Amino acid sequence: MLVWDEEEEEVSIEYNLRLWPGGDRKAPEAQGVSVVMPVYNEHDNLEPLHARVTAVLKRMECEYEVIYVDDGSTDGSWEVLRLLAVADPRVRLVRLRKNFGQTPATAAGIAHSRHPVLITLDADGQNDPEDIPRLVSVLGSDYDVVSGWRRDRKDSWLTRRLPSMIANAMIRWITGVKLHDFGCTLKAYRREIVDDVRLYGEKHRFLPVLAAWVGGRITELEVMHHSRMRGVSKYSILRAYKVLIELFTLKFMGDFATRPNYVFGGFGLVSFLLGLAALGRVAYRYVFHGQREVTSMTVLMAVLFLSGILSILMGFLAELIIRASHDSQRKRSYYVRETVNVDKNR
């Protein structure tokens, strides 16, 4: 378990395998564990990964299910998954109509899961299933999210680790959530905290941030990481651009989603005040210097007044939209083609 020291900026690591404390509540694993894995063109990794995951879950002696979400694979991954589902009734499959991305695929897996403890895991074999019991143990009764930290990450330093370090530092600074590795998919969640957030865009990596913003208790655990042995990485430098855009969007939505007039109205007020200052300058020249022709200051005054009024009106309109849609039903960010071993009412 990781403990962040705010003053010394250090992290101490303790592998805490505490037993569940006494009381009426059951240990998380006793309540059941759902492992959710988005899959996109991982044909060669699925069978060995499934064997490792199920071996770990069986040792935990708990109710479990393994949910694979085929995110529009084109390499025959779905056929392999169907064979796994035939051989193992605890395998549940969700097939999306096309490649929607990791966040919608993760959301689909969570929506079709049943147990109160959720584990998210990459299907490329780089996360180690042996860390699952440790994550669940640390989750215990004290935390709502346990996030994996790939401290000894087995990826290229220049193209993967360096951009990740920069992105993680920015996320910590902007959101105030003190985690080292937001990009690690291997995490444990309580269902009730995940049910209070909405996944869309590229926000799967920000799930701990979203959970913290709804009052979730977050901690971090160092996990193992392996080099990719089979298949091709889906990572590209374009993802860094998407992460930055999502980060600023997330910050805006987190701070101003329910009060957009603070942004639009604030900008409009500043613009309006600057317009008044420009008006004073134009009036001074008109009265004391007899300047009656249209100048750049006159144009600037008009632009500032107009932009100020429009911004304030946009803020009012945004407030009306937020209030009108506040209690509306959420729309899913994915569409399911077919399912296997999945309740139809999910």
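The values are calculated or read from the model by the stated rules, or taken from the named source; none is laboratory data. Because the structure is predicted, anything quoted here is derived from the model rather than measured. Note: ideal-geometry Cβ built from the backbone for every residue, glycine included; neighbour counts use all protein chains shown.
If you go through the range 169-182 and keep only what is under 20 Å from residue 143 (Cβ atoms) and without any contact (Cβ under 8 Å) to a residue 40 or more places away in the chain, you end up with 172, 176, 181, 182.
Here's the yes/no breakdown for (1) more than 23 Å from residue 168 (Cα to Cα); (2) at pLDDT below 80:
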position	(1), (2)
244	no, yes
247	no, yes
251	no, yes
255	no, yes
271	yes, no
274	yes, no
280	yes, no
284	yes, no
291	yes, yes
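Here 156, 141, 137 are screened, and the one residue that is crowded, with 19+ Cβ neighbours inside 10 Å and of a type in the set (S, T, N, Q) is 137.
Select from the range 257-269 the residues that are among the aliphatic types (A, V, I, L, M) and surrounded by 14 or more Cβ atoms within 10 Å (Cβ to Cβ) and write down the one among them that is modelled with the highest pLDDT.
Selected residue: 269.
Select the helices (runs of 4 or more DSSP H) contained entirely in the range 29-119, then report the ones holding at least 1 residues which are in the same structural domain as residue 196 (by TED's automatic domain parsing) and within 18 Å of the chain's Cα centre (by Cα).
Per the criteria, 102-111.
Quick one: is residue 123 touching a residue at least 60 places away in the same chain (Cβ under 8 Å) and in a loop (DSSP other than H, G, I, E, B)? Yes. Which ones in the range 170-219 are touching a Leu at 6+ places or on another chain (Cβ under 6 Å), at pLDDT below 90 and part of a loop (DSSP other than H, G, I, E, B)? If the condition is that a residue be touching a Leu at 6+ places or on another chain (Cβ under 6 Å), at pLDDT below 90 and part of a loop (DSSP other than H, G, I, E, B), then 197 is the only one that fits. Only a single criterion out of (1) within 22 Å of residue 247 (Cα to Cα); (2) in contact with a His (Cβ under 9 Å, 6 or more places away or on another chain); (3) surrounded by fewer than 16 Cβ atoms within 10 Å (Cβ to Cβ) is not satisfied by residue 105, namely (3). A Cβ distance below 6 Å, combined with a sequence gap of six or more or placement on separate chains, defines the contacts here; from the range 139-152, residues that are β-branched (Val, Ile, Thr) reach residues that are in a loop (DSSP other than H, G, I, E, B) in the pairs 145/216.
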